[in-house]
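Please read the structure below before turning to the comments.
The values are calculated or read from the model by the stated rules, or taken from the named source; none is laboratory data. Fair warning: this is a prediction, and the values are worked out from it, not measured in the lab. So basically every Cβ, Gly included, is an ideal-geometry build from the backbone, and we count neighbours across all protein chains shown. Only protein heavy atoms, including side chains, enter the accessible area calculation; ligands, DNA and RNA are left aside. Shrake-Rupley method; radii C 1.70, N 1.55, O 1.52, S 1.80 Å.
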Amino acid sequence: KILGIVRMSKTILVTGGAGFIGSHTCVALIAAGYAPLVLDNLGNSDVRVLDRVERIAGQRPGWIEGDVRDRALLDRVFAQHRIAGVIHFAGLKAVGDSVTDPLGYYDNNVHGTWVLTQAMEAAGVHALVFSSSATVYGETDPPIAEDAPCHPTNPYGRSKRIVEETLGDWQLARPHWSIALLRYFNPVGAHESGLIGEHPQGQPNNLMPFVAQVAVGLRERLVVHGNDYPTPDGTGVRDYVHVMDLAEGHVAALRKVQQAPGLLTLNLGTGVGHSVLQVVQAFERASGRAIPYTVGPRRPGDVPANWADPSRAAEVLGWRARRGLDAMCVDSWRWQQGNPKGY
Ligand code: NAD
Ligand code: WQD
């Protein structure tokens, strides 16, 4: 049996690894003994994040600047590195932009994933973890389990759903492949060091970065998008999940796809919903600053409430979110205060 022990490669290709979730996942990968190799076109990120990951984790991720749709580049990357698996974060994620530029979104998110999958097949790499989103469900009564019907309501959500369905077809056709489709709920927060975090370009679309920018004085006030929803305080309810919990979920999913072939679809969320006003109050506690807000109309396309049933990820991966809303706000604030202009 000794002859059967082969030293496994620890190199993991992390597409989009310079981004928000990808950079935190690099930290978790290094902590778990992996060697992340980041491929990113820097369309929505800053290469200086790699210095910060190195400071936190004590190891620098490998780095390739390029686009996931560049097949010739991918072929070179797979030829030059012994890659054990791929975590595929690279993609566009702004719902509003996807409505004005649907084909750009399908090209990046759908075509990009297909090019990557074909390059993996050619290179004999068969373990893939894909960034999907709870947005694939559309409007469904919470808690949402993975077998809930999927009715995405915008091109971004449809791009994620198309990838899920086509990767499902691919796994049926290539049963030795192992694919995890991870549906994130609302990722927020930052690494507890405050050295890496989320820095949206321009006005943030998402609640937590907006609140953080109000707290630090970059913006005057939050506009709460509606307080007449059928929720306890009338504002929208979401399942906010700490980005480091999410990062650890990716490490667990990676281990799983390296063990056995198959297709896994998993929610990554906490199972707990918080309203907009609860987030505002938690951020006020975390920062010691007042967060002024006004109430505006509902934002088109918003659902009243959603949160995950996260039990499948607990059963299959042994993964549970450990950090609560206060930790999310404290860590987000530490990052925001230390880096008000990003990297
Ligand atoms: P992000 O924009 O911070 O990270 C995405 C990274 O991918 C960026 O660094 C960007 O430069 C890179 N990228 C984009 N297109 C690329 C391409 N064609 N080739 C190479 N690099 C490319 O976003 P994030 O929040 O870290 O999200 C990561 C993934 O998770 C995305 O696929 C997103 O759709 C998905 N997701 C995000 C959320 C969220 O709320 N943040 C929720 C659910 C799912
Ligand atoms: C949360 C709540 C808003 C901003 C989005 C994407 C989804 C996923 C996660 C990628 C809602 C309210 C917000 C503001 C507000 N991303 N809000 N004022 O819409 O649940 O999900 O990010 O996959 O696909 O749609 O997150 O942070 O934008 O909003 O009142 O300035 O905060 O109405 O109730 P959302 P969000």
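A few points about this structure:
- Scanning the stretch 250-292 for residues that are surrounded by fewer than 17 Cβ atoms within 10 Å (Cβ to Cβ), in contact with a Ser or Thr (Cβ under 8 Å, 6 or more places away or on another chain) and among the aliphatic types (A, V, I, L, M) yields a single hit, A260.
- Scanning the stretch 187-200 for residues that are of a type in the set (V, I, T), open to solvent by less than 40 Å² (accessible area, probe 1.4 Å) and part of a strand (DSSP E or B) turns up at least one hit.
- From the list V216, V224, the one residue that fits, being among the hydrophobic types (A, V, I, L, M, F, W, C) and within 13 Å of ligand 2 (Cβ to nearest atom), is V224.
- Meets criteria (out of contact with any Cys (no Cβ under 9 Å at 6 or more places or on another chain), assigned to a helix (DSSP H, G or I), open to solvent by less than 20 Å² (accessible area, probe 1.4 Å) and not hydrophobic (A, V, I, L, M, F, W, C)) for D326: no
- Contacts under 6 angstrom Cβ, first residue in the stretch 124-144 being more than 18 Å from I87 (Cβ to Cβ), partner assigned to a helix (DSSP H, G or I) and open to solvent by less than 40 Å² (accessible area, probe 1.4 Å), 6 or more apart: T135/G157; V136/G157; V136/K160; I144/Y137
- Any hit, the stretch 204-212, residues being open to solvent by less than 10 Å² (accessible area, probe 1.4 Å), small (G, A, S), away from ligand 1 (no atom under 16 Å from the Cβ) and more than 30 Å from E164 (Cβ to Cβ): no
- Some residue of the stretch 163-176 being within 16 Å of ligand 1 (Cβ to nearest atom), open to solvent by less than 10 Å² (accessible area, probe 1.4 Å) and of a type in the set (D, E): yes
- Inside the stretch 148-160, residues that are open to solvent by 60 Å² or more (accessible area, probe 1.4 Å) and free of Cβ contacts under 8 Å to residues at least 60 places away in the same chain make up a count of 3.
- Qualifying residue in the stretch 21-43 (condition: near ligand 1 (Cβ under 9 Å from one of its atoms), surrounded by fewer than 23 Cβ atoms within 10 Å (Cβ to Cβ), more than 15 Å from L254 (Cα to Cα) and of a type outside the set (A, V, I, L, M, F, W, C)): yes
- In the stretch 302-312, the condition of being farther than 29 Å from D97 by Cβ and part of a helix (DSSP H, G or I) is met by at least one residue.
- Only one entry in R48, R82, R69 is closer than 20 Å to I179 by Cα, within 13 Å of ligand 1 (Cβ to nearest atom) and open to solvent by 70 Å² or more (accessible area, probe 1.4 Å), namely R69.
- Any hit, the stretch 224-232, residues being without any contact (Cβ under 8 Å) to a residue 60 or more places away in the chain, of a type in the set (D, E) and open to solvent by 60 Å² or more (accessible area, probe 1.4 Å): no
- Scope the stretch 46-102; condition touching a helix residue (DSSP H, G or I) at 6+ places or on another chain (Cβ under 8 Å) and among the hydroxyl-bearing types (S, T, Y); matching residues: S98
- Pairs with Cβ under 8 Å, 6+ apart, first in the stretch 55-78 and under 15 Å from V38 (Cα atoms), second of a type in the set (S, T, Y): G62/T11; V68/T15; V68/T113
- Sole exception among (1) more than 12 Å from ligand 2 (Cβ to nearest atom); (2) part of a strand (DSSP E or B); (3) open to solvent by 70 Å² or more (accessible area, probe 1.4 Å) for V295, by number: (1)
- Residue count for the stretch 233-249, restricted to those that are open to solvent by 30 Å² or more (accessible area, probe 1.4 Å) and either free of Cβ contacts under 8 Å to residues at least 40 places away in the same chain or in a loop (DSSP other than H, G, I, E, B) (or both): 1
- None of A308, A327 is out of contact with any His (no Cβ under 8 Å at 6 or more places or on another chain) and either away from ligand 2 (no atom under 13 Å from the Cβ) or among the small types (G, A, S) (or both) except A308.
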